[in-house]
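The values are calculated or read from the model by the stated rules, or taken from the named source; none is laboratory data. Everything numeric here is computed off the predicted structure, so don't read it as measured data. Here the Cβ positions follow ideal geometry from the backbone for every residue, glycine too, while neighbour counts run over all protein chains shown. Calculation scope for accessible area: heavy atoms of the full protein, side chains included, ligands and nucleic acids excluded. Shrake-Rupley method; radii C 1.70, N 1.55, O 1.52, S 1.80 Å.
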Amino acid sequence: MLGAALVGSQVGKGGRAHLGRRQTRVGLEHGLELIQVKELVKYFPVRGGLLQRVVAWVQAVDNVSFSVGKGEVLGILGESGSGKSSLLNLIAGLDSAQDSELHKLCVQKARFSLNNTVYDDSEQKIKLKPWQRKIAYVFQDNRLFPHMTVLQNIQFGYSRRNSELDQQALIEQFKIADLLQHYPQQLSGGQKQRVSMVRALLSSPDLLIMDEPLAALDYNSRQQLLPYIESIHQQLTIPVLYVSHDIKEVLRLADYIVLMQQGKTIAQGELAELCVSQPLLTRAEGPSFILQGHVSALLVDEGLLQMQCEGYELLIAAPSDKKSAAQPVKIGDSLRVLLYAKDVSLCLTPADNSSILNVVPVRIEEIKQQDKGKQLLLCALGQQRLLATISQRSCNNLQLEQGKQVYAQFKATAMIK
């Protein structure tokens, strides 16, 4: 555990399940920039020979800069080996170089401030120790103390930092009351991560770091744990750095994202914008896009949500997990959904007697040639963007071209919340 300071303990109003985050960076617009990371550069030493001397250097973090506002969740995405964990360890003060001279070579440039306190400044020779940083870190492998019970684990940071948080309220919220006298080896993976989150929050951090906390869990455990992570954001007024390689996790949690590759920041911005411009985000499934709106109706008997988007009513399959810790979706809640371009088809006139529930008029803005006879069409739905992947033959048969008005259609079950 790292960290101190104080976080709020009251549940935010209008708790939302599967909700879409705000589209503007409110904290930054009002001058509430709590984190500044500037031009971080870090190398790893490569050792060799009988004496294990440093024989080469590998750049792990290459000139990374970003800022985060008050209460904002920043998603850091990238494939394995892209430098995500190295970046977080540098921010948390957990870089591996113990020797001061070796550290100077490993971290060539660093400037990191949190809540107007400088934690790292290579030029001013400032580097706070991990225990001096008001940062809590939730790791992928939980890192609970195996010789302590759950209660002893969560009280470790709580007692050391004189936290004013309501310990019992967090125990009840994360549903670990029945686990307090258990040891970590008696817990499931999801239970361990819930305990780790409570321990992190009870240390009252100024910054919460979550490094792929769901990566080691199976699908069902991930789905059950996600609402707990959502509830953290609803309560905190501190920034959160959430690292993942799964865009569906980030869709539910983050306001803004940084995309990393080979130690570099290759893009950063609003998730909806980068989904369209950065295919790396959904490389496995192909191009994707995000639609944002608000819940206009709950069709409980049909298992559907109705979302108003750019003046049109879209139907979405409602979540069915009754064990979810998330609060129920309500009319008026913000919502955003992810769709893959391969799940969208185009037609010149709306189809009659079709099982596809969503049909909206769009205007073709751009047509891009893809591999193997495929075309990627960028279309405008009001102020939002929609993508469709179709065959070259379909494009020719429909005589599709830039500026043409067509209809896009997609299933309610194809929309990922």
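Hey, H294 hits all of (1) out of contact with any Lys or Arg (no Cβ under 7 Å at 6 or more places or on another chain); (2) open to solvent by 30 Å² or more (accessible area, probe 1.4 Å); (3) not in a strand (DSSP E or B) but one; which does it fall short on?
Unmet condition: (3).
Please find, within region 381-394, the residue that is farthest from L291 (Cα to Cα) out of those that are open to solvent by 10 Å² or more (accessible area, probe 1.4 Å) and of a type outside the set (S, T, Y).
The selected residue is R393.
Per-residue answers, yes or no, for (1) without any contact (Cβ under 8 Å) to a residue 60 or more places away in the chain; (2) closer than 20 Å to L208 by Cβ; (3) among the hydrophobic types (A, V, I, L, M, F, W, C):
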{"residue": "E123", "(1), (2), (3)": "yes, no, no"}
{"residue": "R133", "(1), (2), (3)": "no, yes, no"}
{"residue": "L151", "(1), (2), (3)": "yes, no, yes"}
{"residue": "K192", "(1), (2), (3)": "yes, yes, no"}
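Taking region 105-118, which residues are of a type in the set (A, V, I, L, M) and open to solvent by 80 Å² or more (accessible area, probe 1.4 Å)?
L105 - this is the single residue of region 105-118 that is of a type in the set (A, V, I, L, M) and open to solvent by 80 Å² or more (accessible area, probe 1.4 Å).
Assess whether L241 counts as being touching a helix residue (DSSP H, G or I) at 6+ places or on another chain (Cβ under 9 Å), touching a residue at least 12 places away in the same chain (Cβ under 8 Å), buried (at least 21 other Cβ atoms within 10 Å of the Cβ) and closer than 27 Å to I416 by Cα. Don't jump to the end; show me each part of the working.
Values: touching a helix residue (DSSP H, G or I) at 6+ places or on another chain (Cβ under 9 Å): yes; touching a residue at least 12 places away in the same chain (Cβ under 8 Å): yes; buried (at least 21 other Cβ atoms within 10 Å of the Cβ): yes; closer than 27 Å to I416 by Cα: yes.
Criteria met by L241.
Check region 150-170 and report whether any residue there is in contact with a helix residue (DSSP H, G or I) (Cβ under 9 Å, 6 or more places away or on another chain), over 28 Å from F112 (Cβ atoms) and not in a helix (DSSP H, G or I).
no
For V250, state whether it is part of a strand (DSSP E or B), open to solvent by less than 20 Å² (accessible area, probe 1.4 Å), touching a residue at least 40 places away in the same chain (Cβ under 8 Å) and touching a helix residue (DSSP H, G or I) at 6+ places or on another chain (Cβ under 8 Å).
Numbers: part of a strand (DSSP E or B): no; open to solvent by less than 20 Å² (accessible area, probe 1.4 Å): yes; touching a residue at least 40 places away in the same chain (Cβ under 8 Å): yes; touching a helix residue (DSSP H, G or I) at 6+ places or on another chain (Cβ under 8 Å): yes.
No; evaluated as a whole, the condition is false for this residue.
This table checks each residue for (1) surrounded by fewer than 17 Cβ atoms within 10 Å (Cβ to Cβ); (2) free of Cβ contacts under 8 Å to residues at least 24 places away in the same chain.
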{"site": "A169", "(1), (2)": "yes, no"}
{"site": "Q173", "(1), (2)": "no, no"}
{"site": "D178", "(1), (2)": "yes, yes"}
{"site": "Y183", "(1), (2)": "yes, no"}
{"site": "M197", "(1), (2)": "no, no"}
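Does region 99-118 contain at least one residue that is modelled with pLDDT under 85 and under 22 Å from Q186 (Cβ atoms)?
Checked region 99-118: no residue is modelled with pLDDT under 85 and under 22 Å from Q186 (Cβ atoms).
Name the residues in region 210-235 that are assigned to a strand (DSSP E or B) and surrounded by 24 or more Cβ atoms within 10 Å (Cβ to Cβ), would you?
Once the filter is applied, which keeps residues that are assigned to a strand (DSSP E or B) and surrounded by 24 or more Cβ atoms within 10 Å (Cβ to Cβ), region 210-235 yields only M210.
How many residues, within region 395-405, are open to solvent by less than 50 Å² (accessible area, probe 1.4 Å) and under 17 Å from K374 (Cβ atoms)?
Of region 395-405, the ones open to solvent by less than 50 Å² (accessible area, probe 1.4 Å) are 395, 398, 400, 403.
From the residues that got through so far, the ones that are under 17 Å from K374 (Cβ atoms) too are 395, 398, 400.
Adding up the residues that qualify gives 3.
Do we find a residue being of a type in the set (V, I, T), within 26 Å of the chain's Cα centre (by Cα) and either at pLDDT below 90 or open to solvent by less than 80 Å² (accessible area, probe 1.4 Å) (or both) anywhere in region 362-376?
no
Taking only region 390-417 into account, find how many residues are of a type outside the set (A, V, I, L, M, F, W, C) and within 30 Å of L253 (Cβ to Cβ).
4
For residues that are in a strand (DSSP E or B) and either of a type outside the set (K, R) or surrounded by 21 or more Cβ atoms within 10 Å (Cβ to Cβ) (or both), tally how many sit in region 119-149.
Residues meeting the conditions: 8.
So which residues in region 257-279 are under 12 Å from the mean Cα position of the chain (by Cα), over 18 Å from L40 (Cβ atoms) and of a type outside the set (D, E, K, R), if there are any at all?
If the condition is that a residue be under 12 Å from the mean Cα position of the chain (by Cα), over 18 Å from L40 (Cβ atoms) and of a type outside the set (D, E, K, R), then L271 is the only one that fits.
Does S334 fit the bill of being touching a Leu at 6+ places or on another chain (Cβ under 6 Å) and modelled with pLDDT under 90? Even if it seems obvious, please write down each step before you answer.
Working: touching a Leu at 6+ places or on another chain (Cβ under 6 Å): yes; modelled with pLDDT under 90: yes.
Yes.
What pairs can you find where one residue is in region 255-267 and within 13 Å of S80 (Cβ to Cβ), the other is charged (D, E, K, R), and their Cβ atoms are less than 7 Å apart, with a gap of 6+ or different chains?
M260/K84; G263/D62
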